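First up is the structure itself, then whatever we jot down about it.
The values are calculated or read from the model by the stated rules, or taken from the named source; none is laboratory data. As the structure is a computational prediction, the values presented were derived from the model and not from experiment. Quick reminder, even Gly has a Cβ in these numbers, built from the backbone with ideal geometry, and neighbours come from all protein chains shown. Quick note on the areas: whole protein, heavy atoms, side chains included, nothing else; ligands and nucleic acids left out. Shrake-Rupley method; radii C 1.70, N 1.55, O 1.52, S 1.80 Å.
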Amino acid sequence: MIRPEEVYKIGRLGKAHGVKGEVSFQFDDDIFDRVDADYLVLDIDGILVPFFMEEYRFRNDTVCLVKFCDIDTQQRAQELTGCDVYFPRALAEEADNDLSLASLVGFTIINAGGGKAAAHTVPDDLVVGIISSIDDTTANILFELDNGRLIPANDDLIVDIDTEHRQIRMNIPEGLLDI
């Protein structure tokens with residue numbers, strides 16, 4: 001069984017395309033093209049299910065057409081319309097030195113400026129929040145946290161990214177957390 005913490009969302013399936021089972025895929029992260037993966041994970045009625053890809057082709061920078069194995073009719077493809085698409089974190093982390101922003105959703109932000117602590121013993125007062133989404137609609141990308149805070153996703157502020165413990169240590173400027 002695939003657990004939600006083992007994957008991260010990379011897009012959503014759109015309408016069926018043609019009669020041979022292709023479906024449009026609106027993606028936020030093209031990790032599936034950069035990392036060798038045979039499958040994508042779809043959320044089918046709240047259950048994460050792997051679907052193996054037969055082939056895919058890009059239509060533009062944010063949409064591709066995907067043909068999944070055993071999905072060979074327009075009707076079967078239509079059943080997948082609207083499904084959220086996820087990618088396995090383990091594949092992304094072992095094959096890609098540059099983590100994508102989407103893969104950081106669910107990571108905990110730690111204020112490294114508040115002192116040093118081992119990853120498994122971080123005091124509660126150093127925990128800033130958990131990344132619930134990424135706002136990349138402007139030039140200044142922001143981590144949107146579960147507690148409503150917005151933290152700049154600036155490389156100069158990031159001290160360390162610990163994929164094993166799913167934590168990001170940041171030097172957060174004084175006063176930013178008071179806003």
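Can you go through VAL35, VAL23, VAL7, VAL41 and tell me which one is closer than 17 Å to GLY106 by Cβ and either small (Gly, Ala, Ser) or in contact with a Leu (Cβ under 6 Å, 6 or more places away or on another chain) (or both)?
Within the list VAL35, VAL23, VAL7, VAL41, the selection yields VAL41.
In this structure, is LYS9 touching a strand residue (DSSP E or B) at 6+ places or on another chain (Cβ under 9 Å), on the phi < 0 side of the Ramachandran plot, charged (D, E, K, R) and open to solvent by less than 30 Å² (accessible area, probe 1.4 Å)?
no
Return yes when ASP33 is within 22 Å of ASP136 (Cα to Cα), open to solvent by 60 Å² or more (accessible area, probe 1.4 Å) and not basic (Lys, Arg) and no when it is not.
When the stated conditions are applied, ASP33 passes them.
Regarding the range 57-65, can at least one residue be identified that is polar (S, T, N, Q) and at pLDDT 95 or above?
no
Which residue out of PHE27, PHE52, PHE68, PHE32 is modelled with pLDDT of 90 or more and within 30 Å of ILE158 (Cβ to Cβ)?
The conditions single out PHE27.
Name the residue that is farthest from the chain's Cα centre (by Cα), counting only residues in the range 51-99 that are buried (at least 19 other Cβ atoms within 10 Å of the Cβ), within 13 Å of PHE27 (Cα to Cα) and not aliphatic (A, V, I, L, M).
CYS64
In the range 166-179, which residues are assigned to a loop (DSSP other than H, G, I, E, B) and either on the phi > 0 side of the Ramachandran plot or open to solvent by 80 Å² or more (accessible area, probe 1.4 Å) (or both)?
ARG166, GLU174, GLY175, ILE179 - these are the residues of the range 166-179 that are assigned to a loop (DSSP other than H, G, I, E, B) and either on the phi > 0 side of the Ramachandran plot or open to solvent by 80 Å² or more (accessible area, probe 1.4 Å) (or both).
Which of the residues belonging to the range 155-165 are surrounded by 12 or more Cβ atoms within 10 Å (Cβ to Cβ) and not hydrophobic (A, V, I, L, M, F, W, C)?
Listed by number, the residues that qualify are ASP162, THR163, HIS165.
Taking the range 154-169 as the region of interest, how many residues are closer than 13 Å to ILE130 by Cα and modelled with pLDDT of 90 or more?
Result for the range 154-169: 3.
Only one of these conditions is not met by PHE143: (1) at pLDDT 80 or above; (2) under 21 Å from ARG3 (Cβ atoms); (3) not charged (D, E, K, R). Which number is it?
The one condition PHE143 does not meet is (2).
Just for the range 14-30: of the residues that are over 26 Å from LEU91 (Cβ atoms) and hydrophobic (A, V, I, L, M, F, W, C), which one is least open to solvent (accessible area, probe 1.4 Å)?
That would be ALA16.
Which of the residues belonging to the range 127-153 are over 15 Å from the mean Cα position of the chain (by Cα), under 23 Å from ILE10 (Cβ atoms) and open to solvent by 60 Å² or more (accessible area, probe 1.4 Å)?
THR137, THR138, ALA139, ASN140, ASP146, LEU150
Residue-wise test of (1) at pLDDT 95 or above; (2) over 18 Å from ILE2 (Cα atoms); (3) out of contact with any Gly (no Cβ under 9 Å at 6 or more places or on another chain).
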site	(1), (2), (3)
LEU42	yes, no, yes
ASP45	no, no, yes
GLY82	yes, yes, no
ILE130	no, yes, no
